[in-house]
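Written out below as structure tokens is the structure these notes cover.
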Amino acid sequence: MSIKKIKIFAITGSTRKDSSNFKILKFISENINDQFEIEIFEDLEGIPHFNPDLDDEFPPEKVIFFRNKILRADGVLICTPEYVFSLPGSLKNALEWCVSTTIFSNKKTGLITASASGEMAHQQLLLIMRTLEAKFEEHNQLLIQGIRGKIDEAGKVVDLRTLEALQHFMYDFENQFKTNS
């Protein structure tokens, strides 16, 4: 008897190939939780600039694809860096395409900000996700500062505290799916 895995749509806020944020999502998908089936979205730069005029009747195909991935997932996991004390524009742009929808309303969501500092981007991410009505709590969010010194080139988490924080984060995220609230 096979156990149905929880489908997670993971979004990295970085468009850089093999970024630290991508490595974290890859590490989580391969090492931390076998209850999840994680699909990492790798085309953030392909989403066109947000334009409310296009959103009214015929959103671009890539936007529809992105929205459908969120809609069909049991949960969403976002891992983003901080650029110039803010969210990367490409991530904010993708999230702006979701404002006119309810796809994030009550969607179980995990939020990770992994950067040199990350505090400002993390606060902005929390604000945006609250606006989109995503469902997350204190234990479903994680700020990892100084990320480049905490993972190696191969994507292995080499900092024990970061590894433990990620394990706790994913354990708590999984538990969110076990409750009916």
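The values are calculated or read from the model by the stated rules, or taken from the named source; none is laboratory data. Source: prediction; values computed, not measured. Cβ: placed from backbone, ideal geometry, glycine included. Neighbour counts: every protein chain shown. Calculation scope for accessible area: heavy atoms of the full protein, side chains included, ligands and nucleic acids excluded. Shrake-Rupley method; radii C 1.70, N 1.55, O 1.52, S 1.80 Å.
The number of residues in the range 60-99 that are open to solvent by less than 40 Å² (accessible area, probe 1.4 Å), of a type in the set (D, E, K, R) and touching a Phe, Trp or Tyr at 6+ places or on another chain (Cβ under 9 Å) comes to 1. Residues in the range 1-40 that are part of a loop (DSSP other than H, G, I, E, B) and open to solvent by 100 Å² or more (accessible area, probe 1.4 Å): 7 in all. Residue pairs whose Cβ atoms lie under 8 Å apart, separated by 6 or more positions or on different chains, with the first residue in the range 71-84 and assigned to a strand (DSSP E or B) and the second among the charged types (D, E, K, R), are 75/7; 75/107; 75/108; 76/107; 76/108. Considering the range 43-59, the residues that are of a type in the set (A, V, I, L, M, F, W, C) and assigned to a helix (DSSP H, G or I) include one that is surrounded by the most Cβ atoms within 10 Å (Cβ to Cβ), namely 44.
Matching residues to (1) assigned to a helix (DSSP H, G or I); (2) open to solvent by 30 Å² or more (accessible area, probe 1.4 Å):
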| position | (1), (2) |
| --- | --- |
| 101 | no, yes |
| 110 | no, no |
| 122 | yes, no |
| 126 | yes, no |
| 139 | yes, yes |
| 143 | no, yes |
| 155 | no, no |
| 163 | yes, yes |
| 166 | yes, no |
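Considering the conditions (1) in a loop (DSSP other than H, G, I, E, B); (2) closer than 26 Å to residue 68 by Cα, residue 94 is excluded by exactly one of them, (1).
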